[in-house]
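Q: Shown below is the structure under consideration.
Taken together, the values in this text are just the output of simple stated rules run on the coordinates, not laboratory data. Note that the structure is a prediction, hence the values are computed from the model and not measured. All Cβ positions, glycine included, derive from the backbone under ideal geometry; neighbour counts span all protein chains shown.
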Amino acid sequence: MQLLPPGDVEGLQMVGSGGFGVVYRGWSKQLNMEIALKMIQGSHGSNVKKLMKDLNKERNVMQKASNPHVLRLLGVYEKPEGNLTEYGLIMEYMPYGSLRSLFDNITDVPWALRFQILHQVALGMNYLHTLNPPIIHRDLKPCNVLLSKHLDVQITDFGLSKIVGATTSVTPSFAGTLSYMAPEALNDINYYPTKSYDVYSYGILTWTVFSSEEPYLGVPAAVIQRCVSEGQRPRASDLDQYGHVSKVPEAKELMIRCWNQDPGNRPSFHDCSKVTAEMFKAYQDEVNEAVRRVQDLLDEISCQDQSSETSGSLENCGLSMSDFIRDFRNALQVDKGQEETCLANEVTKDEEHENDHMANAGPSEDDNDDDIPTADFVMNNLATVIKSSGDYKKIMNNLDTDGILSKAQQEQINGTETLKDLGNKAGKALLTKYKEDPGSVISFVKKLF
């Protein structure tokens, strides 16, 4: 792992943040490749010596971690800031994000890809656990499972809490994400993570891979801690609807074994990888096609995101909820008598023109008709806000239960492959319903915020 010189990384764009600091996408001139840079939070000041000692210690372990399904550290980066220097970690940039973002963007991930992901995670974790000394991940979850340009798994952030000093000898059991933490870590203040801790997290991860959801959404942390300690888990019965799908029953059985209350009864990752190998073998002939399909969908979403970067959310456009409702009403009035122009077109038709309009749009200071946004503009704003909520399934269920969707609209929406299309169709459905019953739609929109 080499030390990259100051100024080596250029074109930095922030792509995420976490407890450790901020993640940037950029280009390394020395490595001549696109990279991800994690600037370590608090990596300047009096703790620099300790940080560098931890980095060097971790480097010795990471140099052994050469596995196709483990994200490698490529180097250490330093950035002078006055009399201080900030330090970061350089890794290869993963263009398709994480397992979490995959399920946030694709409504129906092919089974072949799901089983490939489960198998590759098991292989990567088995490798980490067989190192000498072994690496205990401590925070295995969808956000820490990245996807390469070929949609192969790259496990990341293992040992990172140790690097940045987030795990201490006082509270070792609470290093991790609560929903993925083993029960023994929740009821023993002196517990220190073992291999079985990671296996438990893998069991919860398996449930997520099949449900596409995060476990215990909306449940208070104290309730999660108590109930998991008492033996409760995400509903395994959620997988029963896929009982007819090849190898899902076997995956469910493995999942339940992995999240067993007794750590001694959980399988090792070596055992897990044997089971997942058999499951994956049943889908091997379908993987290439599944990968190509998902790549195409993700590329399409990426292009749409780039073309609509200027649109932003309601907040970014300077619109409050009252502004939005006002514009919604005005837009309807403008569109009356135009033979349902908006209903005959998708919300994103003439998208470039609309985005140019959005980039310059803001709350009007007068009531001139020229300043009244079009219905397409307003609904495009709404679709953007809905997308940023990250909870499409709940929103679409509300559309259905509130009687806003017709049967034909519901069938059309069920056929969408990406959440971007889902947002566009949701916007169109809302506008249609608004023309029929404004009160019901305004009430629904208010629920979203």
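Q: Multiply the residue separation of Arg257 and Asp285 by 0.36 nm, subtract the distance between their alpha-carbon atoms, and state the gained length in nm to one decimal. Could the numbers behind the result be given before it?
A: Numbers: separation 28, 0.36 × 28 = 10.08 nm, distance 2.79 nm.
Taking 0.36 nm per residue and subtracting the Cα distance, the gain is 7.3 nm.
Q: Past 32 Å, Cα to Cα, is the threshold; run Lys141/Lys433; Lys38/Lys281; Lys79/Lys141 against it and keep the listed order.
A: Values: Lys141/Lys433 39 Å; Lys38/Lys281 36 Å; Lys79/Lys141 30 Å.
Over 32 Å apart, Cα to Cα: Lys141/Lys433; Lys38/Lys281.
Q: I would also like to ask the following. So what J values fall out for segment 183-200 if you push phi through Karplus, 6.51 cos²θ - 1.76 cosθ + 1.60 with θ = phi - 60°, rounded to Hz, Gly and Pro as x?
A: Once rounded to whole Hz, the list reads x, 5, 7, 8, 10, 9, 5, 9, 5, 10, x, 10, 4, 5, 4, 5, 5, 4.
Q: For Glu10 and Asp437, compute 0.36 nm times the residue count separating them, minus their Cα-Cα distance, and round to one decimal in nm.
A: On the way: separation 427, 0.36 × 427 = 153.72 nm, distance 5.25 nm.
Full extension from Glu10 to Asp437 adds 148.5 nm.
Q: Starting from 0.36 nm per residue, how many nanometres of slack lie between Glu300 and Ser211 once their C-alpha separation is accounted for? Show your work: numbers first, answer last.
A: Details: separation 89, 0.36 × 89 = 32.04 nm, distance 2.37 nm.
Length gained, Glu300 through Ser211: 29.7 nm.
Q: If I take R0 = 45 Å and measure r between the Cβ atoms of Val219 and Leu31 in this structure, what FRET efficiency does the formula 1/(1 + (r/R0)^6) give, to the nearest 0.05? Numbers along the way, then the final one.
A: Values: r = 43 Å, r/R0 = 0.96.
Using R0 = 45 Å, I get an efficiency of 0.55.
Q: May I ask for the net charge around Leu146, where only other residues with Cβ less than 13 Å from the Cβ of Leu146 are counted and Lys, Arg are +1 while Asp, Glu are -1?
A: Details: positive: Arg25, Lys38, Arg72, Arg100, Lys141, Lys149; negative: Glu92, Asp152, Asp157.
Net of charged neighbours comes to +3.
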